[in-house]
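Novice: Supplied in structure tokens, the structure appears directly below.
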Amino acid sequence: MTGANPPAIAVTGLRKSYGDTLVLDGIDLAVAEGAIFSLLGPNGAGKTTVVQILSTLIGADGGDVRVAGHDLAANPRAVRASIGVTGQYSAVDKLLTGEENLLLMADLHHLRRREGRRLAARLLERFDLTEAAKKPASTYSGGMARRLDLAMTLVGDPRVIFLDEPTTGLDPRSRRTMWRIIRDLAGNGVTIFLTTQYLEEADRLADRVALLDRGTLVAEGTPEELKRLIPGGHVALRFTDETALAGALGALGTGFLDTSDDDRLTLRVPSDGGVASLRDLLARLDAAGVEPADLAVHTPDLDDVFLTLTGDPKDGSAVR
Amino acid sequence: MGAVRVSHTLADSATMIRRRLKHMLRYPAMTVQLIGMPVVFLLLFVYVFGGTLGNGLGGGGRGRYLDYVTPGIILMTTVGAATSTAISVAMDTAEGIVARFRTMDISRSSILTGHVVGSMISIAISIAVVIGVALAIGFRPNAEPLEWLAAAGFLTLFVFSLTWLAVALGLAAKNPEGASNAPLLLMLLPFFGSGFVPTGSMPAALRWFAEYQPFTPAIETLRGLLMGAAIGTSAYQAVAWSAGIALVGFLWSMKLFR
């Protein structure tokens, strides 16, 4: 990761529209070789579109893209030869067994039969799939299918790997396994381009994070830099009637109405969530004679990042 | 286009064909249905309707009708197989694996080649079974070896064209259900042609349609080759139809798959 190496992925002014809908509005990215780069954003932000363009699946409307040193528009085949893609939807052949899926990849990379068999056995072992090797992929659990998917991506020994939401829909245990695998890959010098909707995932894995919202990058930096942009969390106080809510607002002097509560009876009060500030908050409510029906402490998450950086509170369904 | 590129295209196509054949072994229900349906139609038409229909052909009863209807049933087999091709193309394209193929440095045409060649092999097996059943219940073609060869060649061409059309229909379909509907219309064409009864017995409008649709010359060509009936211009028409359908299916598929 020295500055002398050209970036593994370099994107300038990337634009894409579907009909009248502008999906990507001038994206600039640079990913250093061997780094883990995470593109973070809610559903519909355009993350998958970026991956689809960078992995040659769809064309861009404008902008320059270089992947692994090759110009995407001029030489898509060279790009394809250098990359591996594990998409959001399992890209395994469900009618074939795990082993056959890997051998299929070995054949398509024109490996010799013996070499292919040895590689397949090694990957099955590494991804803990040896026992399931002879079973059809249709019988695999979500986590197993995702591991097989990634194992297939590795058959061609790609220098750049795109992972589109690799842990969406996985249980916590499988997610952790996936994180370990991704870290190991980067440790071997492979460049990883990862999309995710989970701030935690980007935080744990990525060297750099870019935040995508409605087709534009709203922030880019290391996880630490990004987190500094996030304000403290808040406390959500739910009341039984509007009088109590108004009383609380008066007593605390700050807070705003949580629009995701249909009854409009929940107050969000900025807070670091610490014991001292909670005690202070409750004391003030007590003094005003207001009793909340429910109290929840909310630590900073992606929601807050968007709140700060876009000034547009996403509804709960868009950001998890 | 270097020699390496060509050899890779061939190797990739072989890989995709193997993949498709494995699918057929893994999911035999479709293959069984593919063979079962024309056999049922053959038995139905010969044993239920055959006696009466055979006499309508100018005497000869059931045996005569078996000889008459078998070429029609053979072509029906090809349509059934085309339906299954369209469905498997639609199913396959909906799967993430094809998106993966598209991001790999492989020959893109190999993906479709795999479907076409794989389907043609399964159709060849189906046709062999149908002919085997027909022979077992008394089908007596009088074709010489050369005529059998010509029949096989003609069927290959016809199946090739139908398969490319099916691939295009499968790619054009929004989902596997949609893919199963389009070729269903093709299934009816042997009925509205000379597959089961001579077109001369039909009302004028229907007869006109029957005589100008691709299945009638195809059936007449096959019937002529196997049974020694006069082929006339049917062979040219059938070959022209096949070439045309193949071209349209191929170009349409390529356009959809880009």
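The values are calculated or read from the model by the stated rules, or taken from the named source; none is laboratory data. The shown structure was predicted, so the numbers you read here are calculated from the model rather than taken from an experiment. Neighbour counts run over all protein chains shown; Cβ positions are idealised from the backbone, glycine included. Heads up: the accessible areas ignore ligands, DNA and RNA and are worked out on the full protein's heavy atoms, side chains in. Shrake-Rupley method; radii C 1.70, N 1.55, O 1.52, S 1.80 Å.
Novice: Looking at B:Ala166, B:Ala235, B:Ala205, B:Ala150, which is the one that is open to solvent by less than 50 Å² (accessible area, probe 1.4 Å), over 24 Å from B:Arg64 (Cα atoms) and out of contact with any strand residue (DSSP E or B) (no Cβ under 8 Å at 6 or more places or on another chain)?
Specialist: Result of the check over B:Ala166, B:Ala235, B:Ala205, B:Ala150: B:Ala166.
Novice: Which residue pairs have Cβ atoms under 8 Å apart, sit 6 or more places apart or on different chains, and have a first residue in region A:143-164 that is away from every other protein chain (no Cβ under 12 Å) and a second that is aromatic (Phe, Trp, Tyr)?
Specialist: A:Arg147/A:Phe127; A:Ala151/A:Phe127; A:Leu163/A:Phe193
Novice: Just a yes or no: is a residue in region B:211-229 under 19 Å from the mean Cα position of the chain (by Cα), surrounded by fewer than 19 Cβ atoms within 10 Å (Cβ to Cβ) and closer than 30 Å to B:Arg102 by Cβ?
Specialist: Checked region B:211-229: no residue is under 19 Å from the mean Cα position of the chain (by Cα), surrounded by fewer than 19 Cβ atoms within 10 Å (Cβ to Cβ) and closer than 30 Å to B:Arg102 by Cβ.
Novice: Now for a separate question. So which residues in region B:189-246 are among the β-branched types (Val, Ile, Thr) and in contact (Cβ under 8 Å) with a residue 40 or more places away in the chain, if there are any at all?
Specialist: Here is the first cut: in region B:189-246, the ones among the β-branched types (Val, Ile, Thr) are B:197, B:199, B:216, B:219, B:221, B:231, B:233, B:239, B:245.
Answer for region B:189-246, where residues must be among the β-branched types (Val, Ile, Thr) and in contact (Cβ under 8 Å) with a residue 40 or more places away in the chain: B:Val197, B:Ile219, B:Thr221, B:Val239, B:Ile245.
Novice: Give me the residue from region A:73-83 that is more than 8 Å from every other protein chain (Cβ to nearest Cβ) and either among the polar types (S, T, N, Q) or surrounded by 21 or more Cβ atoms within 10 Å (Cβ to Cβ) (or both) and, out of that set, nearest to A:Leu150 (Cα to Cα).
Specialist: If we take residues in region A:73-83 being more than 8 Å from every other protein chain (Cβ to nearest Cβ) and either among the polar types (S, T, N, Q) or surrounded by 21 or more Cβ atoms within 10 Å (Cβ to Cβ) (or both), then A:Ser82 is nearest to A:Leu150 (Cα to Cα).
Novice: Please go through region A:109-132 and pick out each residue that is surrounded by 15 or more Cβ atoms within 10 Å (Cβ to Cβ), more than 21 Å from A:Arg173 (Cβ to Cβ) and more than 9 Å from chain B (Cβ to nearest Cβ).
Specialist: Within region A:109-132, A:Leu111, A:Gly116, A:Arg117, A:Leu119, A:Ala120 meet the criteria.
Novice: Please identify the pairs in which a residue from region A:39-61 that is within 14 Å of chain B (Cβ to nearest Cβ) has its Cβ atom under 7 Å from the Cβ atom of a residue that is part of a loop (DSSP other than H, G, I, E, B) and open to solvent by less than 20 Å² (accessible area, probe 1.4 Å), counting only partners at least 6 apart or on another chain.
Specialist: If the second residue must be part of a loop (DSSP other than H, G, I, E, B) and open to solvent by less than 20 Å² (accessible area, probe 1.4 Å), the pairs left are A:Ser55/B:Thr103; A:Thr56/B:Thr103; A:Leu57/B:Thr103.
Novice: In region A:84-108, what residues are at the interface with chain B (Cβ under 8 Å from one of its Cβ atoms) and either open to solvent by 30 Å² or more (accessible area, probe 1.4 Å) or among the polar types (S, T, N, Q) (or both)?
Specialist: A:Tyr89, A:Ser90, A:Lys94, A:Leu95, A:Glu100, A:Asp107
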